[in-house]
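The values are calculated or read from the model by the stated rules, or taken from the named source; none is laboratory data. Predicted model only: the values in this text are computed from it and were never measured. Every residue, glycine among them, receives a Cβ derived from its backbone with ideal geometry; neighbour counts consider all protein chains shown.
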Amino acid sequence: MAQATHSSAIALVDNRVAKLLIAQPTQGSALDLREIASISNEHAGEHQRNRPDMAKGPGKRSAEGGSGVVGGPHMVNDAHGTEEEETRRFAREVAAWLADRSERTDGQRLHVFASRNFLGELRKQLDGKNARHVELSDGEYAQMPQAELRTHSAIRDALPFG
């Protein structure tokens, strides 16, 4: 009789991307990882992309003959406030996406590794009902290559394989 293959769902999240993966044990110490869904932060750098280039002076978009006066204090970007808002907005999207995860992971408990600067905001955005199915851990793994993830001890130790 064939032994049932156990699998577990994990999510890797930072302020740029959220990835949902299915992990299965292998004969050795590595995991078999398969990405089944992901979302990206479409808001990252939004303010900067829509900001005019005033380097050659007001009214001149990098052209010759500008007044030589660069945008004054009213043109200064509040980058910190903008980044916080982008993080808050993406955390809200990720929380909603994680709440929908039962259709993607067959109702399993979901272990989420989030970067430290994103973890607190994600925790705020997950409501009690959704948080029951989600276990949050500090871990910056969303940008890590899958070859390294397959053998990473924190990932392996978090999964219920026995």
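Annotations for the structure displayed:
- For segment 126-137, the candidate set comprises residues that are more than 16 Å from LEU21 (Cα to Cα) and of a type in the set (Gly, Ala, Ser); within that set, the residue that is surrounded by the fewest Cβ atoms within 10 Å (Cβ to Cβ) is GLY128.
- Residue match in segment 116-125 (condition: more than 12 Å from the chain's Cα centre (by Cα), under 29 Å from GLU84 (Cα atoms) and surrounded by 19 or more Cβ atoms within 10 Å (Cβ to Cβ)): yes
- For segment 30-51, the criterion of being at pLDDT below 90, on the phi > 0 side of the Ramachandran plot and buried (at least 16 other Cβ atoms within 10 Å of the Cβ) is met by none of the residues.
- In the set GLU140, GLU83, only one residue is of a type in the set (D, E, K, R), surrounded by 14 or more Cβ atoms within 10 Å (Cβ to Cβ) and farther than 18 Å from ALA158 by Cβ; that residue is GLU83.
- Hits in segment 11-35 - residues which are part of a strand (DSSP E or B) and of a type in the set (A, V, I, L, M, F, W, C): ALA11, LEU12, VAL13, VAL17, ALA18, LEU20, LEU21, ILE22, ALA23, LEU31, LEU33
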